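Data block below; observations after.
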Number of protein chains: 2
Amino acid sequence: MKHSTDTKERLLDAAEEVFAREGYRAASLRAITARAAVNLAAVNYHYGSKRELVEAVFARRLQTMNQARMRGLAQVREQARAAGRRPSPRTLIAAFVEATLGQDRSGPGERHFMALVVRSFSDTDRTVQRAFENYMKPAFDALRAAMTEALPALPAADLWWRLQFTIGAMIRVQHLALAADTAANTAPRTPDAAAIRLLIDFVYAGLSAPPAAPSRHPAAAQGELS
Amino acid sequence: MKHSTDTKERLLDAAEEVFAREGYRAASLRAITARAAVNLAAVNYHYGSKRELVEAVFARRLQTMNQARMRGLAQVREQARAAGRRPSPRTLIAAFVEATLGQDRSGPGERHFMALVVRSFSDTDRTVQRAFENYMKPAFDALRAAMTEALPALPAADLWWRLQFTIGAMIRVQHLALAADTAANTAPRTPDAAAIRLLIDFVYAGLSAPPAAPSRHPAAAQGELS
DNA sequence: GTCTATAGATTGATAGAC
DNA sequence: GTCTATCAATCTATAGAC
């Protein structure tokens, strides 16, 4: 081996960036290898195929990012237990959102990973869809378990939907941050702290709203909330 | 002209379906023309290029869909004015969400248009991004104007963000509905009325939450909401 | 491990007969 | 307006020299 580790790692960094910018399908191995300054054939030698390359890009960040989210939730639960009370839904959702969107990302390709996640959200390709699911599901399940404990009065189905709305709002924030960076032609940044703060307020209000009344007419539900 | 109208229209229907299922980039003109049962060269003859074809697909639905959303908002404002009160934020947001997600779509390609919109949300291609923007912006601005009137105490910047969170949650709902249809191998359907109802409750709670307090520590804001 | 060279397939677009 | 046939460009993947 000459610089195999270098080449292999540089390929991951370049792939993360190019996949994020161009999308999986549109990104060509030629663009990636050119960005990494390695030979085209290196992709096949080190990873076997384009598909396995993008899987490796996700796999590299997956564990770290999910652990950060789990740790955020665990800390809140621990502090609550130490104080002898139930974890508050607001601190739980704040920890989850901050761990997902607010993390400082300083590594070479690390800044591009969230861009890749957003792009993968509605990607057509099955490999990419599975990768997105692998990224989102463990943390979503952990959040759901924690919120079930924090909001015992809310039916499980309602909670599930509300957490899906939360995911959607989070993706939108990350997407807007990326679109702004693209328009300004700058490297991807973390969303503004102010936007994250507003997001937490918004989804907390939505999550902790009273369960829907079984009323027939939409207007009838108005009184209970306003 | 022999059946030029038929061919031109059938191409739009097929393109709407194939673009929605495969994504703009991955969809090939051969797949589209095969689905439409027309000759490959017909795309170039009737539309000029793949890019102009997808633009025509969006253009066909754009006006109708935006008018439906505008009309929903206008009706609410009119009813409120007739009753001599301010339009309630809940009925406004309900009208907007219903007009966007709850519309019955029975036309041949019409059912696939919302799938195309969701896919286009994070599409890499510039043409597709512009088309998505054209679809979303007029209705978003109308909603923002109406909500500004309905929530006069909320700072404009806060309202803007909260409406963006709302868009994100709406896209998530449509995306989940589509993913379920794809998994079940059925044609795209409108999201469940129950999910739409929960979505409206969620975003209404988030939109009408009190403006953020200028507190430094996140936990300090808890008291005002719980 | 890295390189050149190329196979093999697919694509968007178009020329030209009918 | 519709068709066949094909061009020219692009892509992933790989064989084989070094």
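Sort A:Val54, B:Val38 so that the residue with the fewest other Cβ atoms within 10 Å of its own Cβ comes first and the one with the most comes last.
Details: A:Val54 23, B:Val38 20.
Arranged by neighbour count, lowest to highest, A:Val54, B:Val38 become B:Val38, A:Val54.
Connecting C-alpha atoms closer than 10 Å in a GNM of chain B, tell me which of B:Ala31, B:Ala139, B:Ala41 has the biggest fluctuation.
Per the Cα network of chain B with a 10 Å cutoff, B:Ala41 tops the list.
Between A:Asn39 and A:Ala153, what is the label-point separation in nm under the 7 Å Cα-to-beta-carbon projection?
Computed distance between label sites A:Ala153 and A:Asn39 equals 6.8 nm.
Treating the point 7 Å from Cα along Cα-beta-carbon as the label, what are the nm separations from B:Ala37 to the other copies, to one decimal?
In nanometres, ordered from closest: 5.8.
Output the 0 to 90 degree angle, nearest 10, between the alpha-carbon long axis of helix A:50-82 and the longest principal axis computed from the alpha carbons of chain A.
Approximately 30 degrees, to the nearest ten.
List the distances, in nm to one decimal, from the label point of B:Arg71 to the label points of the same position in every other copy, shortest first, placing each label point 7 Å from Cα along the Cα-to-Cβ direction.
5.5
What whole number of Å gives the distance from the Cα centroid of the stretch A:152-207 to the Cα centroid of the stretch B:81-106?
24
Taking only the Cα atoms of the protein assembly as shown, how large is their convex hull per residue, in Å³?
Details: hull volume 73.7 nm³, N = 452.
Spelled out: Cα convex hull of the protein assembly as shown, divided by residues, is 163 Å³.
Remind me, relative contact order of chain A in percent, using alpha carbon pairs under 8 angstrom and six or more residues apart? Write down the numbers at each step before the final one.
Details: 215 pairs, mean separation 48.7, N = 226.
Result for chain A is 22 percent.
Please name whichever of B:His46, B:Leu116, B:Thr100 sits farthest to the positive end of the charge dipole of the stretch B:43-152, dipole taken about the Cα centre and charges placed at Cβ: Lys and Arg +1, Asp and Glu -1.
B:Thr100
Can you bin chain B into rounded, prolate or oblate? Criterion: square roots of the alpha carbon gyration tensor eigenvalues sorted a ≥ b ≥ c, rounded for a/c under 1.5, prolate for a/b above b/c, oblate for the rest. If you can, show how the numbers build up before the last one.
Details: a/c = 2.43, a/b = 2.04, b/c = 1.19.
Verdict is prolate for chain B.
Taking each label point as 7 Å beyond Cα in the direction of the beta carbon, state the distances from B:Ser106 to the same residue in the other copies, shortest first, in nm.
6.2
Summing Lys, Arg as +1 and Asp, Glu as -1, what charge do residues with Cβ under 14 Å from the Cβ of B:Pro89 carry, B:Pro89 excluded? Walk me through the numbers on the way to the answer.
On the way: positive: B:Arg77, B:Arg85, B:Arg86, B:Arg90, B:Arg144, B:Arg162; negative: B:Glu149, B:Asp158, B:Asp201.
Neighbourhood net charge equals +3.
Using a simple charge model, +1 on the beta-carbon of Lys and Arg, -1 on the beta-carbon of Asp and Glu, nothing else, what dipole does the stretch B:73-116 show about its Cα centre, in debye to the nearest 20? Let's see the in-between values first.
Working: 7 positive and 4 negative charges, 60 e Å.
Value, rounded to 20: 280 debye.
Report, in debye and to the nearest 20, how large the dipole of the protein assembly as shown comes out about its Cα centre when Lys and Arg carry +1 and Asp and Glu carry -1 on their Cβ. Write out the running numbers ahead of the final one.
Numbers: 60 positive and 44 negative charges, 33 e Å.
Computed about the Cα centre, the dipole is about 160 debye.
Zone of A:Arg81 (label point 7 Å along Cα→Cβ, backbone N under 16 Å): which residues in the stretch A:92-115?
Output list for this probe position: A:92.
Restricting attention to the stretch A:62-125, which trypsin sites (Lys or Arg not before Pro) occupy a DSSP loop and are surrounded by at most 12 other Cβ atoms within 10 Å?
Numbers: sites: A:Arg69, A:Arg71, A:Arg77, A:Arg81, A:Arg85, A:Arg90, A:Arg105, A:Arg111, A:Arg119; in loops: A:Arg85, A:Arg105.
For trypsin sites (Lys or Arg not before Pro) across the stretch A:62-125 that sit outside H, G, I, E and B with at most 12 neighbouring Cβ atoms in 10 Å, the list reads A:Arg85.
Relative to the longest principal Cα axis of chain A, at what angle does helix A:110-121 sit, 0 to 90 degrees, rounded to 10?
Long axis of A:110-121 versus the principal axis of chain A: about 70 degrees.
Just tell me which lysines come within less than 25 Å, Cα to Cα, of A:Lys8; anything on the same chain fewer than 8 places away is out.
Partners within reach: A:Lys50.
Compare the Cα positions of B:Thr64, A:Ala177, B:Ala15 along the charge dipole of the protein assembly as shown (+1 at Cβ of Lys, Arg; -1 at Cβ of Asp, Glu; about the Cα centre) and return the one farthest towards the positive end.
B:Ala15
Quick check: net charge around B:Asn44, other residues with Cβ under 13 Å of its Cβ, Lys/Arg +1 and Asp/Glu -1? Mind dumping the intermediate values first?
Details: positive: B:Lys8, B:Arg30, B:Lys50, B:Arg51; negative: B:Glu52.
That works out to +3.
Report, in degrees rounded to the nearest 10, the 0 to 90 angle that the Cα long axis of helix B:193-207 makes with the longest principal axis of chain B.
50
Quick one: putting +1 on the C-beta of Lys and Arg, -1 on the C-beta of Asp and Glu, what dipole do you get for the stretch B:61-162 around its Cα centre, in Debye to the nearest 20?
On the way: 16 positive and 10 negative charges, 36 e Å.
Roughly 180 debye for the stretch B:61-162.
Computed from the coordinates by the stated procedures, all read-outs in this text should not be read as laboratory data. Note that the structure is a prediction, hence the values are computed from the model and not measured. Every residue, glycine as well, gets a Cβ built from its backbone with ideal geometry; the counts of neighbours run over all protein chains shown.
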